[in-house]
């Protein structure tokens, strides 16, 4: 039986530890799918018929592309805007209701979901909202969508920063909500 010098054992032990640490710290590259860009003909504010808001297309959002919002976004609150005090997510992004929806039922599918991503998850109370109006339902695709006063909530893909309200009155079917959960049709 031969004995190895202590330095060689330390070298081997150090190599094994280094390889184990490298394997434990290795990051598998992942990519988060970017939000699909709207088609160049995506829902102009006045010229397209309202029915196109829910028309399916080959670039429709799949359930896998939809992501549940984080806890901060799900803390709904009120924000003062040029449209009055409106319901926004916890990060200040404007939320909209779709006039073709009924309380607890979404009529937005296909291309509509690309342009109007739903707020997914169960909402919580933030500053100023009426917590009795908070709710959620399970969409046909199995995802839980947040509601306010029964209305399913959506973002507008062209709103890029908190306070943007460019989705207001698009095709006369998309509206922001007041504290009572009624659409503001201004």
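Would you mind listing how long the stretch 109-182 runs along its three principal axes, going by Cα atoms, in whole Å with the largest first?
30, 29, 22
Alpha carbons only, please: Rg and Dmax for the stretch 52-184, in angstrom.
Spelled out, the Cα radius of gyration and Dmax of the stretch 52-184 are 13.2, 40 Å.
Using the count of nearby Cβ atoms within 10 Å as a rough guide to exposure, how do 184, 86 rank from fewest to most?
Exposure proxy ranking, most exposed first: 184, 86.
Take 85, 106, 132 and order them by how many other Cβ atoms sit within 10 Å, fewest up front. Could you put the intermediate results ahead of the total?
Values: 85 14, 106 25, 132 9.
Ordered by Cβ neighbours within 10 Å, fewest first: 132, 85, 106.
Starting from the Cα of residue 185, move 7 Å in the Cα-to-Cβ direction to define the label point; list residues of the stretch 143-179 whose amide nitrogen is under 16 Å from there.
Answer for the stretch 143-179: 168-178.
Please report 89, 131 as a ranked list, fewest other C-beta atoms within 10 angstrom at the top and most at the bottom.
131, 89
Where a number appears in this text, it was derived from the coordinates with a stated rule and is not lab data. Keep in mind it's a predicted model, so treat the numbers as computed, not measured. Neighbour counts are summed over all protein chains in view; Cβ atoms, including those assigned to glycine, are modelled from backbone coordinates with ideal geometry.
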